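A quick write-up on the structure given underneath.
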Amino acid sequence: MRSDAQGKWYATDCNQKYSYVCKLDMTLPGTCTTCDEGWIFSTLTGKCYQYFNMSGISFTGAQASCQTFNADLVSVHSHLENTFISDLNNLVVPNWGIVTGLQCMNGTCSWIDGTPFDYKVFFDPYATPNDPNIQWCTYIVSDGKTHGFGPHECLQQSQTWKTFTCEALVWPFLCQKNPTISTSQKSMKLKNLQKVSKRNRSGASF
């Protein structure tokens, strides 16, 4: 069977050669990104976040709390990420600081989740904690409203990082983890036109 230029079908000799159309059924994967209940997803980072406002807990205890959710204390790798985390803290529970997963010792800093230390915004940009034999941890001054500082100093400190000894009891902290990515199968029809020849031997074409 063949069709003409008007789309009409005609019976024809099966031994004749004509152009033809192939139809292939393809199944393409679709993905859905979700966070656990109570966690917030960021399209900026592709991560899930949960804020914890616990008192009387150490840095090690905060990390252990995150790990119960298969998460780590938050790591920061860009200005946009730093701003997002600061804003998130202010939206959830306005507070003057939020603990991150950064640890520094002898002038060397590393993120507890193993990601590269490729961004920093310490309040003193020329200082990296380098006291020997002391491990320093870091918190983000989210809104600058630290106790005992005036308005100008608060503005200067907003969204910068300050340090504390890791043995000290920490402020509220933020956990971060990868989302759950589920795959669904979506079936679709794909038509592929392939012409064997522009004209068959009898001179007919379409």
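For region 91-103, check the following and say yes or no: at least one residue is hydrophobic (A, V, I, L, M, F, W, C), at pLDDT 90 or above and under 28 Å from the mean Cα position of the chain (by Cα).
Within region 91-103, one or more residues are hydrophobic (A, V, I, L, M, F, W, C), at pLDDT 90 or above and under 28 Å from the mean Cα position of the chain (by Cα).
If a residue has to be loosely packed, with under 15 Cβ neighbours inside 10 Å, farther than 14 Å from TYR119 by Cβ and touching a Leu at 6+ places or on another chain (Cβ under 8 Å) to count, how many in region 59-91 make the cut?
The total comes to 0.
If we keep just the residues of region 19-54 that are loosely packed, with under 13 Cβ neighbours inside 10 Å and within 24 Å of ASP72 (Cα to Cα), which is modelled with the lowest pLDDT? I'd like the intermediate steps shown before the answer.
Narrowing region 19-54 to residues loosely packed, with under 13 Cβ neighbours inside 10 Å: 20-32, 34, 37-38, 43-44, 46, 53.
Subset that is within 24 Å of ASP72 (Cα to Cα): 32, 34, 37-38, 43-44, 46, 53.
Numbers: CYS32: 75, THR34: 86, GLU37: 91, GLY38: 90, THR43: 89, LEU44: 88, GLY46: 91, ASN53: 85.
Looking at residues that are loosely packed, with under 13 Cβ neighbours inside 10 Å and within 24 Å of ASP72 (Cα to Cα), I get CYS32.
The values are calculated or read from the model by the stated rules, or taken from the named source; none is laboratory data. Please read all numbers here as calculations on a predicted model, not as lab measurements. Using ideal geometry, Cβ is built from the backbone for each residue, glycine included, and neighbour counts are taken over all protein chains shown.
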